[in-house]
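Asks: Please read through the structure below; I'll follow up with questions.
The values are calculated or read from the model by the stated rules, or taken from the named source; none is laboratory data. Since this is a predicted model, take the numbers as computed values, not measurements. Every residue, glycine among them, receives a Cβ derived from its backbone with ideal geometry; neighbour counts consider all protein chains shown. Ligands, DNA and RNA are stripped out before the accessible areas are found, and what is left, the full protein with its side chains, is counted by its heavy atoms. Shrake-Rupley method; radii C 1.70, N 1.55, O 1.52, S 1.80 Å.
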Amino acid sequence: MKAFRMAHPVLSAYLCIVLGTGLLGASIQYIFDPIGLVTGGFSGLAIVIKALTGAWIPGGIPLWATNLALNIPVFVLAYLLLGRNFIGRTLFGTVMLSAWLAFLPPLSLLPEDYLLSAIFGGVFAGGGIGLVFLGNATTGGTDLVAALIHKGLRHYSLAQIMQVLDGAIVIVGLAVFGLRPAMYALIAIFVATKVTDALLEGLKFSKAAYIISEKSEAIAEAIMGQLDRGVTGLPVVGMYTQKSRRMLYCVVSQKEIVRVKDIVEELDRNAFVIVSDVREVLGEGFQPYSGS
């Protein structure tokens, strides 16, 4: 997949958008909509509108129609205020999501099971959103609305504005479907966020070690020789002793951090070691760079 992305960056981006909107559409059509889980965004608002219009229109206004209708004026404003370059692939993502919602047949995968719906719906939605983001796009909706509002309210971040907008939609869902679906919708939002982050940042977490020792050269040689990992020496000064030392910094895999601590213990039991999590490492010996 990485090789394909590097060889065909534009094609792979649009493929990610198609697959991502398909997963997101399936989560909305098959899981969230049948039991009234409103997870924010225009898709959540479309679920509310479908339920409210069911008394006048058989089955209510279709999700795809509402999603498309809500996005049209937003895209017009975005084009006028933010320019054509800002819209880019997001327009394609919005159209694709509406297309998936239109062509996926109505089906309830987990009827009346709110917990499984929240978990698996969140997994599918988070995976879909992550793929769309990997394609350098969004599905429009509250993302674009937040960008438009942010243009006039610069003292608020995009994330803060989106939280307010999506929170308002969840509250509307609470008023329409009741407390129970709204509470499970929060679980779905949490799961979707975690899955999206994992997809974007990768699951191969690493460890960073900061080592302060009188035997820094011996420790560095052992780590480089035994683990074949690079080590960087940084000059530091102890503020209590006013003594200059060399602090070692190295990044290793989760399995290798155990060996690093063993090496330090063997060579200098008085060494000071700090171990921290590293979310993503790009470069030789770790994850290669890839275009998008």
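Asks: Among the numbered criteria (1) over 30 Å from Cys16 (Cβ atoms); (2) open to solvent by 40 Å² or more (accessible area, probe 1.4 Å); (3) not in a loop (DSSP other than H, G, I, E, B), which single criterion is violated by Gly230?
Replies: The number of the failed condition is (3).
Asks: Continuing with the same structure: Which residue, of Ala137, Ala185, Ala175, is modelled with pLDDT of 85 or more and either β-branched (Val, Ile, Thr) or in contact with a Ser or Thr (Cβ under 9 Å, 6 or more places away or on another chain) (or both)?
Replies: Being modelled with pLDDT of 85 or more and either β-branched (Val, Ile, Thr) or in contact with a Ser or Thr (Cβ under 9 Å, 6 or more places away or on another chain) (or both) holds for just one of Ala137, Ala185, Ala175, which is Ala185.
Asks: Starting from the stretch 194-221, take each residue that is over 30 Å from Arg269 (Cβ atoms) and list its partners that are open to solvent by 40 Å² or more (accessible area, probe 1.4 Å) and modelled with pLDDT of 90 or more, counting only C-beta distances under 6 angstrom and pairs at least six apart or across chains.
Replies: Pairs found: Val195/Val123.
Asks: Another question, then. Scan the stretch 233-242 and give yes if some residue there is touching an Asp or Glu at 6+ places or on another chain (Cβ under 9 Å) and either modelled with pLDDT under 90 or open to solvent by 90 Å² or more (accessible area, probe 1.4 Å) (or both), otherwise no. Steps first, answer last, please.
Replies: Looking only at the stretch 233-242, we keep the residues that are touching an Asp or Glu at 6+ places or on another chain (Cβ under 9 Å), and these are 233.
Still in the running and either modelled with pLDDT under 90 or open to solvent by 90 Å² or more (accessible area, probe 1.4 Å) (or both): none.
Scanning the stretch 233-242 turns up no residue that is touching an Asp or Glu at 6+ places or on another chain (Cβ under 9 Å) and either modelled with pLDDT under 90 or open to solvent by 90 Å² or more (accessible area, probe 1.4 Å) (or both).
Asks: Give me the pairs, please: first residue somewhere in the stretch 7-30 and farther than 21 Å from Pro111 by Cα, second residue anywhere and open to solvent by 20 Å² or more (accessible area, probe 1.4 Å) and among the hydroxyl-bearing types (Ser, Thr, Tyr), beta-carbon distance under 8 Å, and either six or more positions apart or on two chains.
Replies: From the stretch 7-30, the pairs are Pro9/Ser292; Ser12/Ser292; Ala13/Ser292; Thr21/Thr139.
Asks: If you check Val264 against the conditions, is it surrounded by 19 or more Cβ atoms within 10 Å (Cβ to Cβ) and in contact with a Cys (Cβ under 6 Å, 6 or more places away or on another chain)?
Replies: On the way: surrounded by 19 or more Cβ atoms within 10 Å (Cβ to Cβ): yes; in contact with a Cys (Cβ under 6 Å, 6 or more places away or on another chain): no.
Judged against the criteria, Val264 is not a match.
Asks: Yes or no: the stretch 48-60 includes at least one residue that is open to solvent by less than 50 Å² (accessible area, probe 1.4 Å), closer than 23 Å to Leu131 by Cα and touching a helix residue (DSSP H, G or I) at 6+ places or on another chain (Cβ under 7 Å).
Replies: No: the stretch 48-60 contains no residue that is open to solvent by less than 50 Å² (accessible area, probe 1.4 Å), closer than 23 Å to Leu131 by Cα and touching a helix residue (DSSP H, G or I) at 6+ places or on another chain (Cβ under 7 Å).
Asks: Out of curiosity, is Phe86 more than 17 Å from Ile169 (Cβ to Cβ), out of contact with any strand residue (DSSP E or B) (no Cβ under 7 Å at 6 or more places or on another chain), at pLDDT below 90 and open to solvent by 70 Å² or more (accessible area, probe 1.4 Å)?
Replies: Criteria met by Phe86.
Asks: What is the residue count in the stretch 243-282 for residues that are free of Cβ contacts under 8 Å to residues at least 12 places away in the same chain, in contact with a strand residue (DSSP E or B) (Cβ under 8 Å, 6 or more places away or on another chain) and either within 12 Å of Arg229 (Cβ to Cβ) or in a strand (DSSP E or B) (or both)?
Replies: Of the residues in the stretch 243-282, 1 are free of Cβ contacts under 8 Å to residues at least 12 places away in the same chain, in contact with a strand residue (DSSP E or B) (Cβ under 8 Å, 6 or more places away or on another chain) and either within 12 Å of Arg229 (Cβ to Cβ) or in a strand (DSSP E or B) (or both).
Asks: Restricting the search to the stretch 25-45, which residues are open to solvent by less than 20 Å² (accessible area, probe 1.4 Å), of a type outside the set (S, T, N, Q) and on the phi < 0 side of the Ramachandran plot?
Replies: Gly25, Ile28, Ile31, Phe32, Ile35, Leu37, Val38, Gly44
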